[in-house]
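Worksheet for the structure shown next.
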Amino acid sequence: MSSNFPLTNEQLKKVAEKYPTPFYIYDEKAIRENMRYFKKAFSIFPDFREYFAVKALPNPYILSILKEEGCGTDCSSLPELMLSDITGVKGDFVMFTSNETPAKEFQYAYERGDIINLDDITHIDFLKDALGGKFPKTICFRYNPGSLKAGGNSIIGKPEEAKYGLTREQLFEAYAKCKELGVEHFGLHTMVASNELNPNFFIDTARIVFALAAEIKSKLGIRLEFVDLGGGIGIPYLQGQQKVDLDYVAQGIRKIYDDVIVPSGLDPLRICWECGRPITGPYGWLITTAIHEKHIYRDYIGVDASMADLMRPGMYGAYHEVTVSGKEDAPRDHVYDVVGSLCENCDKFAVQRQLPEITRGDLVIIHDAGAHGRAMGFNYNGKLRCGELLLREDGSIIQIRRSETIDDYFATLDFEAFKAFKA
Ligand SMILES: *Cc1c(COP(=O)(O)O)cnc(C)c1O
């Protein structure tokens, strides 16, 4: 967790002189190595594929690095599909897993040959209408196992309360209908967890989905070609939490594959993930400067980033490790709330956290911010979202997204029209 920040205090200070805080910084080498570990663990399956969840870190530089490591993309909106396109990720390397999807997004995905993953049985007709009667040759459905699958958490909720996917009964009807429509290649998708650290959870999910794949073959004569296990693999945000052992997960799933998939004649079946968090999460940091210090009923450190840059603590009460650059080994003998400038009291990166003494000008490092970080940012309170840097493998640093300007904030206002309105 805290130990993996790749820059010394001197190096970070230099970076902050060139690119004023706040900013995100990502570690290319660590992301590549992590992706290789992920792929290696699942190489025991025929033709394994990871579709990186674009929403976690929607930056084409990152997508391009992951493309080089063999990843596709998992998209849920038109801009995400376009980002994939710009990066050169195309066709069956793009999984379009959306919900409440507008017709024009389906049209775009269809024209690019992306894999369309439908979220409901009624979307078959909706898609056909959107495409003027045409229909893709490949289709995937999202399965919601409902109460079959216990679990869920505050991020994704319980499956039976989740808005996503088709019921078991609907799935059979939906595959049969698509077969009639001339679909030739079928996939099955499910995602019932978010930020889950228990490796057995994923093995159990595979068991449910593999049994269903076998049943679909025996009842409908449809041979699924891929199973997408979704995202949801967690990362250890908290000290003492264990990283998910992907070798253990892969081997556990392989055993069920051998027990269920092979005897039902479904081998080779492509196993896919669409993970975001475990791919880039631990390898991105939000860097911010302590600009205020106040002592009232509690001791506060005010920083120049806010919840508009990183929403997770405010939104979910999520924990992110906080360290102070250059004070990694100093005693944590102060208790602070580390806070941003939003007029919302939940804008706190750390609450009653044991930290070393922080003085104005210190560079504060917020860890594990490489997924669902900058991406979830917003402009409430007129806050401008910060930019993103990439630490290259050769140690150089490039800017991969500038920070927002006031002009960006005003871009959707027409001041000429407003002048006329005022006159
Ligand atoms: C959010 C999401 C993902 C990625 O989840 P992570 O927790 O970042 O791995 C994948 N697929 C779908 C459909 C999602 O909604």
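Could you list all residues from the stretch 268-297 that are within 16 Å of the ligand (Cβ to nearest atom) and either at positive phi or in a strand (DSSP E or B) (or both)? Steps first, please.
Narrowing the stretch 268-297 to residues within 16 Å of the ligand (Cβ to nearest atom): 271-284.
The answer is I271, C272, W273, G284.
Okay, residues lined up against (1) surrounded by 20 or more Cβ atoms within 10 Å (Cβ to Cβ); (2) more than 16 Å from P22 (Cα to Cα); (3) of a type in the set (D, E); (4) at pLDDT 95 or above:
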site: A305; (1), (2), (3), (4): yes, no, no, yes
site: M315; (1), (2), (3), (4): no, yes, no, no
site: V324; (1), (2), (3), (4): yes, no, no, yes
site: A350; (1), (2), (3), (4): yes, yes, no, yes
site: R353; (1), (2), (3), (4): no, yes, no, yes
site: E357; (1), (2), (3), (4): no, yes, yes, yes
site: G370; (1), (2), (3), (4): yes, no, no, yes
site: R392; (1), (2), (3), (4): no, yes, no, yes
site: G395; (1), (2), (3), (4): no, yes, no, yes
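Close Cβ contacts (under 6 Å, 6 or more residues apart or on different chains) running from residues in the stretch 353-375 that are within 20 Å of S194 (Cβ to Cβ) to residues that are hydroxyl-bearing (S, T, Y) and surrounded by fewer than 22 Cβ atoms within 10 Å (Cβ to Cβ) comprise H367/S2; D368/Y237.
Screening the candidates N99, N117 for the property of being outside any loop (DSSP other than H, G, I, E, B), in contact (Cβ under 8 Å) with a residue 60 or more places away in the chain, closer than 21 Å to M191 by Cα and of a type outside the set (A, V, I, L, M, F, W, C) yields one hit, N117.
Looking at I216, I235, just one residue is within 19 Å of K137 (Cβ to Cβ) and surrounded by fewer than 23 Cβ atoms within 10 Å (Cβ to Cβ), and that residue is I216.
Considering only the stretch 76-94, I want to know if a residue exists there that is surrounded by 14 or more Cβ atoms within 10 Å (Cβ to Cβ) and in contact (Cβ under 8 Å) with a residue 60 or more places away in the chain. No, the stretch 76-94 contains no residue that is surrounded by 14 or more Cβ atoms within 10 Å (Cβ to Cβ) and in contact (Cβ under 8 Å) with a residue 60 or more places away in the chain.
Within the stretch 211-233, is there a residue that is within 16 Å of the ligand (Cβ to nearest atom), in contact with a Leu (Cβ under 8 Å, 6 or more places away or on another chain), in a helix (DSSP H, G or I) and not hydrophobic (A, V, I, L, M, F, W, C)? Within the stretch 211-233, none of the residues are within 16 Å of the ligand (Cβ to nearest atom), in contact with a Leu (Cβ under 8 Å, 6 or more places away or on another chain), in a helix (DSSP H, G or I) and not hydrophobic (A, V, I, L, M, F, W, C). Looking only at residues in the stretch 239-253 that are part of a loop (DSSP other than H, G, I, E, B) and either away from the ligand (no atom under 16 Å from the Cβ) or hydroxyl-bearing (S, T, Y) (or both), the one that is surrounded by the fewest Cβ atoms within 10 Å (Cβ to Cβ) is G240.
Taking the criterion of being among the β-branched types (V, I, T) and touching a helix residue (DSSP H, G or I) at 6+ places or on another chain (Cβ under 8 Å), the only residue of the stretch 303-350 that qualifies is T323. Filtering the stretch 32-74 to residues that are in contact with a Lys or Arg (Cβ under 8 Å, 6 or more places away or on another chain) and of a type in the set (F, W, Y) leaves F45, F48. Within the stretch 33-45, residues that are within 23 Å of V260 (Cβ to Cβ) reach partners that are part of a loop (DSSP other than H, G, I, E, B) with beta carbons closer than 7 Å, at six or more positions or on different chains, in the pairs F42/F48. Right, K55: within 13 Å of the ligand (Cβ to nearest atom) and assigned to a helix (DSSP H, G or I) or not? Spelling it out, K55 is indeed within 13 Å of the ligand (Cβ to nearest atom) and assigned to a helix (DSSP H, G or I). Here is the figure for the stretch 192-206: residues that are of a type in the set (F, W, Y), under 22 Å from Y316 (Cα atoms) and crowded, with 22+ Cβ neighbours inside 10 Å total 0.
The values are calculated or read from the model by the stated rules, or taken from the named source; none is laboratory data. The structure displayed is predicted, hence computed values, not measured ones. Ideal geometry is used to build each Cβ from the backbone, glycine not excepted, and the neighbour counts take in all protein chains shown.
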